[in-house]
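Single-structure report; data block below.
Coordinate-derived values only; no laboratory data. Everything numeric here is computed off the predicted structure, so don't read it as measured data. Cβ placement follows ideal geometry from the backbone for every residue including glycine, while neighbour counts extend to all protein chains displayed.
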Amino acid sequence: MDGLNIPLNHVLLVSSLLFVIGLLGLMIRRNIIFILMSLEVMLNAAALAFVGAGAHWGQPDGQVVFMLILTVAAAEVAVGLGLVLQIQRRFKTLDMDHANRMGG
Amino acid sequence: MRELIWLIPLIPLLSSVTLMLSSGKFPRLLIGLLGVGSVGSAALLTLALGLDFMANPEVLQLTLWTWMQVGSFAPGVAFYFDGLTLVMMSVITGVGFLIHLFSTEFMEDDVSYARYFAYLNMFVAAMLVLVMADNLLLLYLGWEGVGVCSYLLVGFWYQNSANGQAARKAFIVTRIGDTAMALGLLLLFTELGTLNIQSMVGAANESWQVGDTLPLIACLLLLGGAVGKSAQLPLHTWLPDAMAGPTPVSALIHAATMVTAGVYLIARTHGLFLLAPTAMLVVAIIGITTSLIAAFTALMQSDIKRILAYSTISQIGYMFLALGVGAWTAGIFHLMTHAFFKALLFLGSGAIIHCLHHEHNIFKMGGLRSKMPVTFWSFMIGSAALAALPMTSGFFSKDQILLEAYQFPDIGPWLWFAGLCGALLTAMYSFRLVFVVFFGQVKTKPDKDTGWRMALPLSVLCGLSLVGGYFIIPVESVFPMSTGTHPAHWVEYVSISVPLVGLLLAYLIFQSGQLRVDGLVNSAIGKIMRQFWLSGWGIDWLYERLFVRPYYAFASLLKAEPVDAVYGLVVTFNEALNGWLSQSQTGRMRWYITSMVAGLVVLVAVALQLSPEAI
C-alpha cells in the first residue's frame, strides 16, 4: 500500500461530488432513464465512500457493504427499468412531469 | 273553616291547569262554567271567610309546607291573613268574578276561549298568592306570576304584532322595577336574616333607627318594584300600551287588581317605610306628580281605553300620595273603591267596544245614551265616583286622602293643592268622556245591546261604586292610627266643591259649548301643549331615544358577533396557512425531492449550529 496512498479526505470529496452530481441530476432531469442513472451515480458515490473508509482503517467491512450496494443497485435497476417500460407503454412518454397523475 | 284558606287560590289554579290541558277541546259552556265557577267559588269562600273574620277578627298564620331550606333561609309556602289581606282578597275574587262573568259574553266569538279563561284564572290564583303570602319570597312568586299573566293577556291577540310589542313593553318595563325589588329582598334578607314580613318588620324596628340609611335603601328598592307594577313615574309608560289586551283584562289586571299590587306592597311593609321618612316623602311626590301628569294626558286622549288607562295611573298616584303621607287606611280604601268604579268604567267601555264593532275612538261614538242605557248609567255612576262627586264611593276615599295630605307637615298644603288640581282634571276628563260618547249626534250605530252577562256585572259594580264609600274596611289593627287633627272646615268645603267645578267646566266645554276653547287650543302654544300632553308629556318619546334605540343599536352591533370575530381570526389564520401549505402539494416528484433536500440541508445546518462539537 505504498505507491498509491490517497488520503481519505480526497476520497470523501470525490464521493460527495459524485453524490451531489447524482442528486442534481435527480432534481433537474425529467427523463426517467436519466433519473435512474442519477440514482446509480448516488449509490456508487455512497459505495465509494465505504470503500475509501474501509481502506483507510484497513477493515474489510467497507468492501462488504460495497458488494451489498452493488446487489441492491442491480435489483433496483431491474425493477426500475421494468417500471420505465410500463410507463413508456402507458403514457407514451418518458417525461416524468407528463406522467404525473396526482392532483395538487 | 279558616284553615281552608288555601283552597281559595287553589281552585282557580286547578281550573286554569284543567283548561290549559284541555287544549281547547271542551265545549264553550263547560269552559265558561269552569272559568267563572272557579273564581265564583273562590269569591264565596272569601265571603264566608270575611264573615267569620268580622265575627272574630283574629290574624291567621298558616304554613302549608317549607318551600326550601338552605341554612337559616327557610321560606315557607305560608299564608298570612288579616284585615288587609281580606280587603285585597275580596276585591280580587269579587270584582274578578264579575269580570269573568262579563268576559263570557265579551269573548263569546273568540276562537281562543279556553286559553283566555286559563290565563285569567291563573292570574287570579297568582294575585291571591301575592296578597296572601306571609313572606316576601312567596309574595315575589305571586308578583312574577301576575306579571307573566299580564304579559300573556296583553298579547292575547298575538296575530297582530303591535299587541306582541305592547305585551313585551309591559313585561320589560315592569321587570326593571322587579329587579330593584329583588335586590331589596336580598338586602333585607342579608341585613335582617328573614323574609317573613311580620318578623322582618319586628327585626327592622329593633336593629334600625328612624332615618337610618339601610331602611332608606331597602324601601327605595321595594318602591322600585311598586313603581314598576303600579305604573307610576318613571315606569308608567307600559300601562297605556297594555290596553292592547281584551277589555275585561284591562278591567281586571290593569285597573282593579294587579296595578294596585305596588300599593299593597308598600302598605304591607309600612313598618319598614315608617323607618325611612325620606322614602315616604319620595312615595308621596312620585304619587302626586304621576297623578297630575297622567290627568293632563287623559284629558287629551281620544282612545276610550287610553283615557281610562291614564286615569288609572292618575288614581294610583293618589293611592301613592296617601301611602306617602302615612294615610295607609285611606290609600287601601281608595284602592278598593277605585277597583269598583274603574272596573265598572272599563267593563262599560268593553260593552261599548263590543257593541260598536271594536271602535275605540270616542269621537266616532256619540248619542249612545238611549241605545245602551245600562252602559250609560254605568258610565254616569262610574265617572261620578271617579270624579269624586259627593256621596259616591270615590268621594269618601279621595276626600280622606286629600284631608290627610293637607295635614302632612311642611309640604302638606302643597300636596293637597296639587291633589285638588288633579281632582279638577279628573272630573273634566271623566265627564268629557261621558258627554262625547253618550250625548250629541249618533255617529256609529251599535248593532246590539248588552246581554245579561254584561248587564249583571255592570249593575252590581254600579251598586258597589255608589255604596262602596260606606264600607268600613277592617284594617284598624293593621295600620297605626293617624294622629292628625281635623283641618279647618274651608279645606273640606274646597275639596268637595272642586270636582263639581270640574263637572261644570266639562259640561260647558264639551256639552253645551258655551265655553269656547277653540281659540286657546288652536293658538300656537295651545297646539304645542296639546301635542305634548297627547303624547304623555313626551316620556315615551324620551325613553325611545334614551333607552330603546341605543339598546337596538347595541343589539344590532352584537348581531355581527364582534367577540366571535377574535376567534374567527384564528380560523382565518389557519385557513390561510392551510391554503399556503397545500400549494406545495403539486404532485411533481422533482419538486418533492428538491424540498426534501432543502429540508435536509436546513436540518443538518441547524444540527451543526446547535452542537458544533459533533464536527
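Report the equivalent ellipsoid semi-axes for the range B:432-591 in whole Å, largest first, defined as the square roots of five times the eigenvalues of the gyration tensor built from alpha carbon atoms.
Details: eigenvalues 968, 157, 112 Å².
Largest first, the range B:432-591 gives 70, 28, 24 Å.
Would you mind computing the Rg to Rh ratio of the range B:502-615 from its alpha-carbon coordinates, Kirkwood style for Rh? Numbers along the way, then the final one.
Working: Rg = 39.8 Å, Rh = 23.3 Å.
Taking Rh as the inverse mean 1/r over Cα pairs, Rg/Rh reads 1.71.
Strictly greater than 26 Å: what percent of every Cα pair in the range B:5-164 meets that?
31 percent
I'd like the chymotrypsin sites (Phe, Trp or Tyr not before Pro) in the range B:340-436 restricted to DSSP loop residues with at most 15 other Cβ atoms within 10 Å, sorted by number. Don't jump to the answer; show the numbers that get you there.
Working: sites: B:Phe340, B:Phe341, B:Phe346, B:Phe363, B:Phe376, B:Trp377, B:Phe379, B:Phe395, B:Phe396, B:Tyr406, B:Trp414, B:Trp416, B:Phe417, B:Tyr429, B:Phe431, B:Phe435; in loops: none.
Those that pass, being in a loop and sparsely packed, number zero.
If packing is taken as the average number of other Cβ atoms within 10 Å across a peptide's residues, how do B:117-128, B:211-222 rank, most packed first?
The most tightly packed comes first, giving B:117-128, B:211-222.
Taking the range B:468-569, which trypsin sites (Lys or Arg not before Pro) meet the DSSP loop condition and have no more than 16 other C-beta atoms within 10 Å? Walk me through the numbers on the way to the answer.
Values: sites: B:Arg516, B:Lys527, B:Arg530, B:Arg545, B:Lys559; in loops: B:Arg516.
Sites meeting the loop and neighbour criteria: B:Arg516.
Compute the separation of the alpha-carbon centres of the range B:169-183 and the range B:482-546 and state it in Å as a whole number.
31 Å
Per residue, what volume in Å³ does the convex hull of the Cα atoms of the range B:433-515 enclose? List each step's numbers first, then the result.
Details: hull volume 12.7 nm³, N = 83.
Looking at the range B:433-515, the number lands at 154 Å³ per residue.
Of all the stretches in chain B, which is the longest one without any exposed loop site, taking GluC sites (Glu not before Pro) in a DSSP loop (any state but H, G, I, E, B) with at most 12 other Cβ atoms within 10 Å? Write down the numbers at each step before the final one.
Values: sites that count: B:Glu58, B:Glu476.
Maximal segment without exposed cleavage sites: B:59-475.
Once you average over the residues of B:579-587, how many Cβ atoms of partner chains fall within 10 Å of each Cβ?
Partner Cβ neighbours, averaged per residue: 2.
Within the range A:35-101, which trypsin sites (Lys or Arg not before Pro) sit in a loop by DSSP and count at most 11 neighbouring Cβ atoms inside 10 Å?
A:Lys92, A:Arg101
Along the Cα-to-Cβ line of B:Leu500, 7 Å from the Cα, sits a label point; which residues in the range B:375-405 have backbone N less than 14 Å from it?
Answer for the range B:375-405: B:388-392.
I need the calculated FRET efficiency for the pair B:Gln198 and B:Asn361, taking r as the beta carbon distance and R₀ as 45 Å, to the nearest 0.05.
On the way: r = 50 Å, r/R0 = 1.10.
E(calc), rounded to 0.05, equals 0.35.
How far apart, in nm, are two points set 7 Å out from the Cα along the Cα-to-Cβ line at A:Ala99 and at B:Thr66?
The two pseudo-label positions are separated by 8.8 nm.
Of all the C-alpha pairs in the range B:2-65, what % are more than 18 Å from each other?
47 percent
Just the number, please: Stokes-Einstein D of chain B in µm²/s, Kirkwood Rh from C-alpha pairs, 4 °C, 1.567 mPa s.
Once the numbers are plugged in, D ends up at 49 µm²/s.
Quick one: how many lysine pairs does the protein assembly as shown have with C-alpha atoms less than 24 Å apart and a gap of 8 or more or different chains? Give me the count, please.
26
Work out, step by step, the length gained on full extension between B:Ser370 and B:Gln583: first 0.36 nm times the residue separation, then minus their alpha carbon distance; give nm to one decimal.
Result: 67.6 nm gained on full extension.
With N residues in the protein assembly as shown, what two-decimal value do you get for its Cα radius of gyration over 2.2 N^0.38 Å?
1.65
Given the convex hull of the Cα atoms of the range B:383-499, what is a quarter of its surface area in nm²?
9.9 nm²
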